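Taking it in order: structure first as structure tokens, then the write-up.
The values are calculated or read from the model by the stated rules, or taken from the named source; none is laboratory data. Keep in mind that what you see is a predicted model, and the values were worked out from it rather than measured. Cβ sites come from the backbone with ideal geometry, for glycine too, and all protein chains shown count toward neighbours. Heavy atoms of the whole protein, side chains included, go into the accessibility calculation; ligands, DNA and RNA do not. Shrake-Rupley method; radii C 1.70, N 1.55, O 1.52, S 1.80 Å.
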Amino acid sequence: MLRALLFDVDGTLAETERDGHRVAFNRAFAEFGLAMEWDEATYGALLRVSGGKERILHYLERSPGAPRLTWDQVERLHRRKNEIFSELAPTLPLRPGVRRLLREAKEAGLLLAIATTTSPENVQALLACHGLDRWFDVVAAADAVERKKPAPDVYVRVLQELGLSGGEAVAFEDSTNGLLAALGANVPVVVTPSHYTRGERFAGALVVLEHLGEPGLPARVLQGPETGTVVVTPEHLRRWVFGAAVASGT
Ligand code: XBP
Ligand code: MG
């Protein structure tokens with residue numbers, strides 16, 4: 001039985017990376033007097049590294065002539081980057097269908113959770129500015145677990161807190177890293193690719209959709225059990241996970 005919907009944040013709830021996190025990293029670099037700027041292509045490649053602090057370190061270690069920062073300096077830089085991200089959060093709209101599906105899921109009695117590798121303050125900022133901060137039964141962010149996505153830890157943690165098994169939930173992700181994390185916890189995954197992940201393959205996804213769809217803006221099915229367009233409802237999710245028998249009530 002479907003009991004919970006588990007949502008990734010960056011790229012899934014909103015397009016946060018290009019005009020949010022990337023811009024915030026660059027402003028923080030400038031404030032700290034670092035001659036570094038991540039253009040769109042550079043940042044796209046860096047997204048393979050989960051986590052902002054890890055991303056900064058990865059870049060510094062591989063860039064000849066880049067400054068050598070201590071872990072403490074990286075932490076301070078990252079903290080400032082997150083403050084700037086929080087200021088930018090109100091400029092980042094929710095993706096189509098997100099608010100509608102959350103509302104329909106609540107009305108259908110499903111539990112809602114967040115499973116993300118971003119920092120908790122970023123999640124709070126984004127949820128609060130969209131009036132969603134009281135909507136989720138469990139919020140697990142980067143600090144909740146040791147290993148970030150693609151490790152399954154954050155999904156395992158969320159399922160533990162909800163008291164559910166993977167087969168009782170559906171995850172919503174926009175990236176291969178996120179897909180692998182959810183699959184690693186045996187959670188079926190709906191993928192809505194985002195700006196930086198559109199070229200990825202998403203093997204093993206339950207379905208890949210343009211977005212979640214609105215009545216006036218149905219989403220194209222890019223890969224999966226149906227063709228055409230769809231406005232995703234809890235009933236679609238039940239059908240995709242458990243098959244036609246449940247959908248027809250038999
Ligand atoms: C997104 C990430 C994060 C953000 C930056 O993961 O990889 O690192 O880019 O966030 P998800 P922090 O889509 O799973 O949320 O700087 O707070 O790490
Ligand atoms: Mg994501």
- Note on the structure: The summed charge of the ALA205 Cβ neighbourhood (under 12 Å; Lys/Arg +1, Asp/Glu -1) stands at -2
- Any trypsin sites (Lys or Arg not before Pro) in region 86-140 that lie in a DSSP loop and have at most 16 other Cβ atoms within 10 Å would be ARG134
- Query: So, counting K/R as plus one and D/E as minus one, what does the shell of residues with Cβ under 12 Å around VAL49 add up to?
  - Reply: +4
- Counting only DSSP beta bridges with both partners in the chain, the antiparallel fraction in percent, to the nearest 5, comes to 25 percent
- Item | Geometric extent, Cα atoms of region 104-250 - Rg, Dmax (angstrom) | 15.1, 45
- Inter-label distance for GLU37 and ASP19, nm, one decimal - labels placed 7 Å from Cα along Cα-to-Cβ: 1.9 nm
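For LEU57 and LEU222, calculate 0.36 nm times their separation in residues minus their Cα-Cα distance, and state this gained length in nm to one decimal. All intermediate terms of the calculation are to be shown ahead of the outcome.
On the way: separation 165, 0.36 × 165 = 59.40 nm, distance 3.51 nm.
Full extension of this stretch gives 55.9 nm more.
Write down the accessible area per residue of the chain in Å², having rolled a 1.4 Å probe over the full set of protein chains. If you can, show how the numbers build up before the last one.
On the way: 11170 Å² over 250 residues.
Accessible surface, normalised per residue, equals 45 Å².
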- If the convex hull of the alpha-carbon atoms of region 90-133 is projected onto planes in all directions, what is the mean projected area in square nanometres? 3.4 nm²
- Dividing the alpha-carbon radius of gyration of the chain by 2.2 N^0.38 Å (N being the number of residues), what value is obtained? 1.02
- Which parts of region 79-121 would a label at GLU146 reach, counting a residue when its backbone N lies under 17 Å from a point 7 Å out along Cα-to-Cβ? none
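Rounded to the nearest 500 deg cm²/dmol, what is the calculated helix-only ellipticity per residue at 222 nm for the chain, with -39500 (n - 2.57) per DSSP H run of length n ≥ 4? Could you put the intermediate results ahead of the total?
Numbers: 10 runs with 98 residues, N = 250.
Calculated at 222 nm, the ellipticity per residue is -11500 deg cm²/dmol.
Hey, what D do you get for region 34-92 in µm²/s if you plug the Kirkwood alpha-carbon radius into Stokes-Einstein at 20 °C and 1.002 mPa s?
172 µm²/s
Taking the Cβ of SER175 as the center, what net charge do the other residues with Cβ under 13 Å away carry, scoring Lys and Arg +1 and Asp and Glu -1? Show your work: numbers first, answer last.
Working: positive: ARG48, LYS148, LYS149, ARG198, ARG201; negative: ASP8, ASP10, GLU15, GLU17, GLU173, ASP174, GLU200.
Local charge sum for SER175: -2.
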- Hey, got a sec? Which chymotrypsin sites (Phe, Trp or Tyr not before Pro) in region 8-86 land in a DSSP loop and have at most 12 other Cβ atoms within 10 Å? none
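Not counting the cut sites, what is the longest span of the chain without GluC sites (Glu not before Pro) that DSSP labels loop and that have at most 13 other Cβ atoms within 10 Å? Don't skip to the answer; put the middle values down first.
Working: sites that count: GLU37, GLU146, GLU226.
Within the chain, the longest run free of exposed GluC sites (Glu not before Pro) spans 38-145.
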- Note on the structure: At the level of C-alpha centres, the distance separating region 85-163 and region 36-50, in angstrom, is 23 Å
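Per the 1.4 Å probe, what fraction of the accessible area of the chain, in percent, lies on carbon and sulfur atoms? It would help to have the intermediate numbers written out before the result.
Numbers: 5580 of 11170 Å².
On the chain, the fraction of accessible area on carbon and sulfur atoms equals 50 percent.
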